[in-house]
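Working notes, beginning with the structure itself.
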Amino acid sequence: MYKIAICEDDKRYIAFLKKLLYKIEGIDESTVTFYEFLSGEEFIFYPTLDFDLVILDIQMGDISGYEVARRLREVDRNMLLVFCTGKVEPTVEHFKVTPYRYLLKWNSDDELLEEMTEVVDKMKEKKSYPYIMCKYSLGRDRIRVYPESVLYIAIRYGNSEVFACGKLKEHFPNEILRTGMSLSAVYEVFNESCGFVRLHNSYIVNMAYIVRTSAQSVTLIDGTTLTIARSQTKHFQTAFARFMSAKYKS
């Protein structure tokens, strides 16, 4: 099931976009759920960012589509974004939030359908990207977390706790990110093909962020040291050698 959010202050244009999308192969009421927002405020305060595609009108009330996109990019660099407008020409600032397309409302229906078909094709491609859903420690908000934003994931107090890095860590410096999945379930998603390896029954680590190894432990880019369980030593050595070989071949 695809999840498409449309943030647009004109209800008629929301209806038009939905009608347009339903003309595309593979998009119908059984395959997509639409989420409609009539303002940037509604979108920003919605309790989840679990969307496959976000379509944003540039000009809306107090919070513009660009501002919504800027805030979204602080926590999710992979979300598929599309801007649409009937008045504003694209600017350098707009492209800093990396929209996939910039739709002009004055284009013909056929032109818009062609553009949206390419957008949907990209959405289907990105749907296969691995991610897990996480909650903030101080709120109910849920966000998609991708492998490149994770140093390691550990069992803490019965929960799988995500230790973030990069932009995600910068945005949530004092937050605890947790997922309701068991560590084994997380490892099925963030597996060795994503660069992760299990060092211990209590944690898995992103090998891309290992800076030093010894017979008993690994050290990550933030200085964290994690012990390698004896039962996992041989498996880790094999997996890490394979990971490094693939890294330098590429």
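The values are calculated or read from the model by the stated rules, or taken from the named source; none is laboratory data. Quick caveat: nothing in here was measured; it's all calculated off a predicted structure. Every residue, glycine as well, gets a Cβ built from its backbone with ideal geometry; the counts of neighbours run over all protein chains shown.
Please work out if D9 is in contact (Cβ under 8 Å) with a residue 12 or more places away in the chain, of a type in the set (D, E) and farther than 17 Å from R71 by Cα. Steps first, answer last, please.
Numbers: in contact (Cβ under 8 Å) with a residue 12 or more places away in the chain: yes; of a type in the set (D, E): yes; farther than 17 Å from R71 by Cα: yes.
It is true that D9 is in contact (Cβ under 8 Å) with a residue 12 or more places away in the chain, of a type in the set (D, E) and farther than 17 Å from R71 by Cα.
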TODO: Would you mind telling me which numbered condition in (1) farther than 17 Å from M207 by Cα; (2) in contact with a strand residue (DSSP E or B) (Cβ under 8 Å, 6 or more places away or on another chain); (3) not polar (S, T, N, Q) K169 fails?
DONE: (2)
Task: Among (1) within 30 Å of Y187 (Cβ to Cβ); (2) crowded, with 17+ Cβ neighbours inside 10 Å - the single one P130 does not satisfy - done: (2)
- [ ] For V186, work out the one condition from (1) at pLDDT 95 or above; (2) under 25 Å from L72 (Cβ atoms); (3) touching a helix residue (DSSP H, G or I) at 6+ places or on another chain (Cβ under 7 Å); (4) aliphatic (A, V, I, L, M) it doesn't fulfil.
- [x] (3)
Task: Number of positions in segment 143-196 that are loosely packed, with under 15 Cβ neighbours inside 10 Å and either touching a Gly at 6+ places or on another chain (Cβ under 6 Å) or at positive phi (or both) - done: 3
- [ ] Look at F16 and say whether it is part of a helix (DSSP H, G or I), free of Cβ contacts under 8 Å to residues at least 24 places away in the same chain and aromatic (F, W, Y).
- [x] yes
Task: Count of segment 145-183 residues which are within 17 Å of M79 (Cβ to Cβ), touching a Cys at 6+ places or on another chain (Cβ under 7 Å) and of a type in the set (S, T, Y) - done: 1
